[in-house]
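These notes concern the structure reproduced below.
The values are calculated or read from the model by the stated rules, or taken from the named source; none is laboratory data. As the structure is a prediction and not an experimental result, all values here were calculated from the model. Don't worry about glycine lacking a Cβ; one is built from the backbone with ideal geometry, like all the others, and counts go over all protein chains shown. Areas reflect the complete protein model, heavy atoms only, side chains present, ligands, DNA and RNA absent. Shrake-Rupley method; radii C 1.70, N 1.55, O 1.52, S 1.80 Å.
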Amino acid sequence: MHMLAALDLATGQMYYRKRWREFLALLKSLRVRWPGEKLYVVLDNFSPHKHPNVRAWVAANDVELVFLPTYGSWLNWIESEFAALRYFALNGTDHRSHGEQNAAIAAYVRWRNARAEPKTSFAPDSPIRSWSDYPAKVA
């Protein structure tokens, strides 16, 4: 089972969907949430992200899909959120149906979003900051 999700760095909240139709719905919900702003969506190379209908919609709606290198999904900040989701909602479970599993995922996301905090700094003490002009805070 696959999960497509967005992480809002300003609030720390997660939004999720599944296949290309749901991914397109997720993009549309993000577009409504931030009208009039260019959206940059960081993605791995999962095929629903590249569906022709998705590509046509993003081209017409000021959304840029930023694809990570193959096997580079760990570069996306949301991957750490997926690890927590697996630990708290899926590990050690034996869901009888996708519906039951989806309910567990949704319950975790609701719990997590109720406690979300902005993602204001990534590795603030990293020596990499002295080697580059990467900003100290994510805007």
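May I ask you to list the residues in region 80-116 that are of a type in the set (A, V, I, L, M) and touching a helix residue (DSSP H, G or I) at 6+ places or on another chain (Cβ under 8 Å)? Break it down into steps so the answer makes sense when it comes.
Here is the first cut: in region 80-116, the ones of a type in the set (A, V, I, L, M) are 83-85, 89-90, 103-107, 109, 114, 116.
Ala84, Leu85, Ala89, Leu90, Ala104, Ile105, Ala107, Val109, listed by residue number.
Which one is farthest from Leu9 (Cα to Cα), of the residues in region 20-71 that are assigned to a loop (DSSP other than H, G, I, E, B), modelled with pLDDT under 85 and polar (S, T, N, Q)?
Thr70
What do you reckon, is Arg86 in contact with a strand residue (DSSP E or B) (Cβ under 9 Å, 6 or more places away or on another chain) and among the basic types (Lys, Arg)?
no
So, in region 18-43, exactly how many residues are open to solvent by 60 Å² or more (accessible area, probe 1.4 Å) and either within 10 Å of the chain's Cα centre (by Cα) or among the polar types (S, T, N, Q) (or both)?
1
Is it the case, given these coordinates, that Trp111 is closer than 24 Å to Lys50 by Cβ and part of a helix (DSSP H, G or I)?
no
Quick one: in region 73-106, which of the residues that are assigned to a loop (DSSP other than H, G, I, E, B) and over 12 Å from the mean Cα position of the chain (by Cα) is nearest to Leu7 (Cα to Cα)?
Checked region 73-106; the qualifying residue nearest to Leu7 (Cα to Cα) is Asn91.
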